[in-house]
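Reading through the structure tokens given below for one structure.
What follows is calculated from the coordinates using simple rules that are stated; it is not laboratory data. Only a predicted model underlies this, so the values are computations on that prediction, with no experimental measurement involved. Counting neighbours? That spans all protein chains shown, and the Cβs are built from the backbone with ideal geometry, glycine included.
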Amino acid sequence: MQCKLSFSMATLLIALGLNATAVAAAEEASVTIKSPADGATLDAMEQHKLVYEVVPGPRGDHVHVYIDDAEVDILRELDSSYTLPTLDTGERELCVRVVNRAHVPVGVDGCVTVTVE
Amino acid sequence: MLAENLSYALVQVLHNFGAAGVIAVPLFALATGQAWMEQRRRLLWLALLAWLVQSLSGSGFGAVSYSFYERLPDLTGVALVALGIKITSTLIAIALTIVALRTRTQHSAAFYRHSWQTLAGLGILALTAAAFLRWFS
């Protein structure tokens, strides 16, 4: 009887622990764009790298890169850099969005706005 | 999370079996020479079922995505072209099988062979496009 009770309590604790881990993982999903900085001014004649760090969380799988809301590439590395294509002059929004295995954005993204001159 | 993964997995199961069917049925017909009328009709029904499963399960991926995130997958460039090829192949194959099923006229063996070859070709095209859709989106 005591053995059964201990087993049930252990199962409950494991379940709660797993649930807590899942919740923590969901909260940790994030995108950090390290470079360029938000509000930075970029030279239109130079090549620029988007340096990012992603924690996909339980729903995410990989990321898509967007320039002005138009998808430009798929990245499977989660902590890396991406050489941006030539940017048109003016204000540009660069975004990295976490997507699931079906390529659907899961609602976790990071964006910076830059001015290209 | 479990519901989402389970939904995608079940749709994937249907899609995989549909994929097997769209290739296996015409290849079986070609390999056996689909000698007599009734066997040919049964195989055509099977081919039609496989293509319908493909189209419905393909739409199912979009439906699952929409139900969980209220948006469809983000597809561009090569992936979008691949999806277009898959849809076009499916529509042609379904139309071809329906026409073949409605035709009661007896044709030459060469005619049937070409029809099955076309269906096999459409299946190969759709499955090849699927790989590009999977990895280029």
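What do you get for the angle between helix B:77-102 and the principal long axis of chain B? Use alpha-carbon atoms, 0 to 90 degrees, nearest ten.
Approximately 30 degrees, to the nearest 10.
From a point 7 Å beyond the Cα of A:Ser80 in the direction of its Cβ, which residues of the stretch A:32-59 have a backbone N at a distance under 15 Å?
Of the residues in the stretch A:32-59, A:49-56 have backbone N under 15 Å from the label point off A:Ser80.
Label A:Asp38 and B:Tyr66 with points 7 Å out from Cα along Cα→Cβ: what is the distance between them in nm?
3.4 nm
If I stretch the segment between B:Val81 and B:Ile124 completely, what's the gain in nm (0.36 nm per residue apart, minus their alpha carbon distance), one decimal?
In short, 13.9 nm is gained.
Averaged across the residues of B:67-80, what count of C-beta atoms belonging to other chains lies within 10 Å of each residue's C-beta?
Mean partner-chain Cβ count within 10 Å for B:67-80: 4.
Of all trypsin sites (Lys or Arg not before Pro) in the stretch A:60-117, which ones are in loop regions per DSSP and have a Cβ with at most 14 other Cβ atoms within 10 Å?
A:Arg76, A:Arg101
Helix B:109-135 sits at what angle to the longest principal axis of chain B, using alpha carbons and giving 0 to 90 degrees rounded to 10?
10 degrees
Only residues of the stretch B:1-29 count here: report those whose backbone N is under 18 Å from the spot 7 Å along Cα→Cβ of B:Leu49, or say none.
Answer for this model: B:13-29.
To test your reading of the geometry: what angle, between 0 and 90 degrees and rounded to tens, separates the Cα axis of helix B:2-32 from the longest principal axis of chain B?
Compared with the principal axis, the helix lies near 20 degrees.
As an exercise, use a Förster radius of 35 Å and the Cβ-Cβ distance of B:Leu56 and B:Ala31 to find the FRET efficiency, rounded to the nearest 0.05.
0.80
Once every DSSP H run of n ≥ 4 in chain B is given -39500 (n - 2.57) and the sum is divided by its residues, what mean residue ellipticity at 222 nm do you get, rounded to the nearest 500 deg cm²/dmol?
-31000 deg cm²/dmol
Around A:Cys111, what is the net charge, scoring Lys/Arg as +1 and Asp/Glu as -1 over all other residues with Cβ under 10 Å from its Cβ?
Here the charged neighbours net out to -3.
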